[in-house]
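Engineer: Structure below; questions to follow.
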Amino acid sequence: MKVAIAGLGEISQIHLAAIRELEKVQVTAVCDIDESRLVEFENVNRYSSLEEMLDSEVLDVVHICLPHYLHLDATRQCLLKGINVFLEKPPGLDYRDARVLADLEESSVKKVCLCLQNRLNPTTMALLERLESKEAGEAVGIKALVPWYRPAEYYKSKPWRGTMRYAGGGLMINQAVHTLDIMQLIGGTPDRISALAGNLLDYTMEVEDTVAANIHFKNGIRAFFMGTNASYTNSSVDIEVFCEAGRYVLRDSSLKYFGNDSHEELIVTDVVPSGYKFYYGKSHKDLIEKFYKAIENNTDDYIHAKEGLASMAIIDGIRKAAEEHREINMEEII
């Protein structure tokens, strides 16, 4: 399988490391407008533009690791060339972009896999299985916290990250999108949202660094979400699901159950890589491998573009509720 990488920033290194662990896969080309990044690659065709690469190469998959505002157009270009796409999150700048992306995949003979890899974490899968089994009764509430930190240099080194027209947002779309995605997998279809969003850090940027939101789902579940890039460091994401007979706690890469009868159980623990960006987890490889198998066997067993719609709708809903200082109905977004 011949694979290319578009965009050689930080996240591309996670993709490359995962790809290199797989058999029968060859990275044949890379592209980036910053030619200083290209010199690191040997025995690989190197390009300074996506268009040139697509015109010159015969490819099975392109991994799009570009800034957010380029995701939709780059995916469109690849599909028009008859190439499958593995798209780093988010699907675009907002729900509207996500809708267009989903329609693009629906009308194409090729596949688009959206990189929501935390769905494949053992803790996430076990949590969803337990909730589906109703072992603890019906879920009634969710609490989710994302207490992270980003220094000023994070935004200065790549100014697009702090600009709405290029990033589509800050904390929510860039760091917390995975947590919001898991929340909607648990809660189902969102109904109403009230929220606060703003900046605690004095970075003089357009995008938010801190959010608090109350999300009501149509099935009656109520969720509280809080995330920030203004914490001291990157602490564990914390997801707690309250059920009739107890609660599930996903924290520090472990899933535990605490029953109302004082019963406690460690259900499963994720394998956590060491070093820089440890909180990415190890599921990039699992999802990439799953997608390649879906291409090889022509199956639908991967995360489709349309599966990014729900979290993007929630992000747009939170932003609208915060900007207008009112509870909004999700019918205003979708």
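The values are calculated or read from the model by the stated rules, or taken from the named source; none is laboratory data. Since we're looking at a predicted model, the values are computed, not measured. Remember, those area values only see protein heavy atoms, side chains included, never the ligands or the DNA or RNA. Shrake-Rupley method; radii C 1.70, N 1.55, O 1.52, S 1.80 Å.
Engineer: Per residue and in Å³, how big is the convex hull formed by the alpha-carbon atoms of the stretch 47-166? Write out the running numbers ahead of the final one.
Structural biologist: Values: hull volume 20.5 nm³, N = 120.
Roughly 171 Å³ of hull volume per residue.
Engineer: Roughly speaking, to the nearest percent, how much of the chain's 1.4 Å accessible area is carbon and sulfur? All intermediate terms of the calculation are to be shown ahead of the outcome.
Structural biologist: Details: 7390 of 15450 Å².
Within the chain, the accessible surface is 48 percent carbon and sulfur.
Engineer: Rounding to the nearest 10 and keeping the result within 0 to 90°, find how far the Cα-based axis of helix 10-20 lies from the longest principal axis of the chain.
Structural biologist: It is inclined by approximately 70 degrees.
Engineer: With the calculation restricted to Cα positions, what are the radius of gyration and Dmax of the stretch 137-293 in angstrom?
Structural biologist: 17.1, 52
Engineer: Can you bin every Cα-Cα distance in the chain into 10 Å intervals starting at zero and give me the percent of pairs per bin, rounded to whole numbers?
Structural biologist: Once binned at 10 Å, the Cα pair distances of the chain give 6, 25, 34, 25, 9, 1, 0.
Engineer: Using only Cα atoms, tell me the angle between helix 177-187 and the longest principal axis of the chain; keep it within 0 to 90° and round to the nearest 10.
Structural biologist: The two axes meet at around 50 degrees.
Engineer: Further, regarding this structure: What number comes out for accessible area per residue over the stretch 221-314 if the probe is 1.4 Å? Units Å², please.
Structural biologist: Heavy-atom SASA per residue in the stretch 221-314 reads 51 Å².
Engineer: Take the alpha carbon gyration tensor of the stretch 9-61, find the square roots of its eigenvalues, order them as a ≥ b ≥ c, and report rounded if a/c is under 1.5; if not, report prolate when a/b exceeds b/c, else oblate.
Structural biologist: Verdict is oblate for the stretch 9-61.
Engineer: Please give the helix 71-80 orientation as an angle from the longest Cα principal axis of the chain, in degrees from 0 to 90, rounded to the nearest 10.
Structural biologist: On a 0 to 90 degree scale, this one is about 50.
Engineer: Turning to a different aspect of this structure: Just the accessible area per residue of the stretch 109-163, please: how many Å² with a 1.4 Å probe?
Structural biologist: Values: 2340 Å² over 55 residues.
Ligands and nucleic acids excluded, the figure is 43 Å² per residue.
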